[in-house]
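The values are calculated or read from the model by the stated rules, or taken from the named source; none is laboratory data. Here the structure is a predicted model, which is why all the values come from computation and not from measurement. Every residue, glycine among them, receives a Cβ derived from its backbone with ideal geometry; neighbour counts consider all protein chains shown.
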Amino acid sequence: MERKVLSAVMMIFLLLISAFLAAQDRPAVKPENLVGTWELVVDAGQMVINLNLAVALENGNLTAKISEPYGSFSDVPATEVKLENNRFSFNLTVPSPPDGATRTWTFDLEVSGEEMDGIVYNNEIQVSVPVRGKKSS
């Protein structure tokens with residue numbers, strides 16, 4: 001019985017190591033690959049929030065602005081915009097659910113080609129939800 005458990009643990013360990021190594025083999029995303037317009041979908045359970053993310057490269061630095069297509073906010077500059085390998089992250093301070101109060105949300109996304117996938121979270125109200133995105137132009 002102990003051999004089976006040890007074998008299972010070793011198999012899981014090897015799978016995790018190979019997944020990690022495969023992720024390391026992917027080339028890092030270049031800042032210019034992010035430039036353009038992205039459609040983000042935040043899946044907050046009973047509520048789906050659509051956002052438009054405009055990414056630009058200014059003086060060698062990535063910048064981003066976000067709009068909510070129904071007019072709640074428009075062209076709000078993102079702060080702390082970072083790209084590290086395939087991880088794209090930024091903060092956004094906007095009026096937000098559930099009460100419309102202005103909060104800072106942190107987006108942590110993994111970029112793969114013309115798609116993004118990750119989470120958006122706010123530690124103040126302890127909310128973390130999935131977000132995905134697709135480049136539209």
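Which one is surrounded by the most Cβ atoms within 10 Å (Cβ to Cβ) among residues in the stretch 108-137 that are in contact (Cβ under 8 Å) with a residue 60 or more places away in the chain and touching a Ser or Thr at 6+ places or on another chain (Cβ under 8 Å)?
VAL120
If you scan the stretch 74-84, which residues turn out to be in contact with a helix residue (DSSP H, G or I) (Cβ under 9 Å, 6 or more places away or on another chain) and at pLDDT below 95? Give the steps one after another, and end with the answer.
Quick first cut of the stretch 74-84, residues in contact with a helix residue (DSSP H, G or I) (Cβ under 9 Å, 6 or more places away or on another chain) only: 83.
Residues satisfying the conditions do not exist here.
Just checking, does the stretch 64-81 include any residue being touching a residue at least 40 places away in the same chain (Cβ under 8 Å) and under 27 Å from ALA28 (Cα atoms)?
No, there is no match, as no residue in the stretch 64-81 is touching a residue at least 40 places away in the same chain (Cβ under 8 Å) and under 27 Å from ALA28 (Cα atoms).
Among the residues in the stretch 100-111, are any closer than 21 Å to GLY36 by Cβ, among the aromatic types (Phe, Trp, Tyr) and touching a Phe, Trp or Tyr at 6+ places or on another chain (Cβ under 8 Å)? Talk me through it step by step, then tell me what you get.
Applying the first criterion (closer than 21 Å to GLY36 by Cβ) to the stretch 100-111 yields 107-111.
Next, only the ones that are among the aromatic types (Phe, Trp, Tyr) stay: 107.
After this cut, where a residue has to be touching a Phe, Trp or Tyr at 6+ places or on another chain (Cβ under 8 Å) as well, the list is 107.
Yes, the stretch 100-111 has at least one match.
Of the residues that make up the stretch 88-98, is at least one in contact with a Phe, Trp or Tyr (Cβ under 9 Å, 6 or more places away or on another chain), closer than 24 Å to PRO27 by Cβ and in a loop (DSSP other than H, G, I, E, B)?
So in the stretch 88-98, the residues in contact with a Phe, Trp or Tyr (Cβ under 9 Å, 6 or more places away or on another chain) come out as 88-96.
Still in the list and also closer than 24 Å to PRO27 by Cβ: 88-90.
Restricting the remaining residues to those that are in a loop (DSSP other than H, G, I, E, B) gives none.
The answer is no; no qualifying residue exists.
Under 15 Å from ILE49 (Cβ atoms), modelled with pLDDT of 95 or more and of a type in the set (Gly, Ala, Ser): does that describe GLY100? Lay out the reasoning, then the answer.
Numbers: under 15 Å from ILE49 (Cβ atoms): yes; modelled with pLDDT of 95 or more: no; of a type in the set (Gly, Ala, Ser): yes.
When the stated conditions are applied, GLY100 does not pass them.
Yes or no, residue by residue, for (1) assigned to a strand (DSSP E or B); (2) within 14 Å of the chain's Cα centre (by Cα); (3) at pLDDT 95 or above; (4) of a type in the set (A, V, I, L, M, F, W, C):
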site: ASN33; (1), (2), (3), (4): no, no, no, no
site: LEU40; (1), (2), (3), (4): yes, yes, yes, yes
site: LEU51; (1), (2), (3), (4): yes, yes, yes, yes
site: VAL55; (1), (2), (3), (4): yes, yes, yes, yes
site: LEU62; (1), (2), (3), (4): yes, no, yes, yes
site: ILE66; (1), (2), (3), (4): yes, yes, yes, yes
site: PRO69; (1), (2), (3), (4): no, no, no, no
site: SER72; (1), (2), (3), (4): no, no, no, no
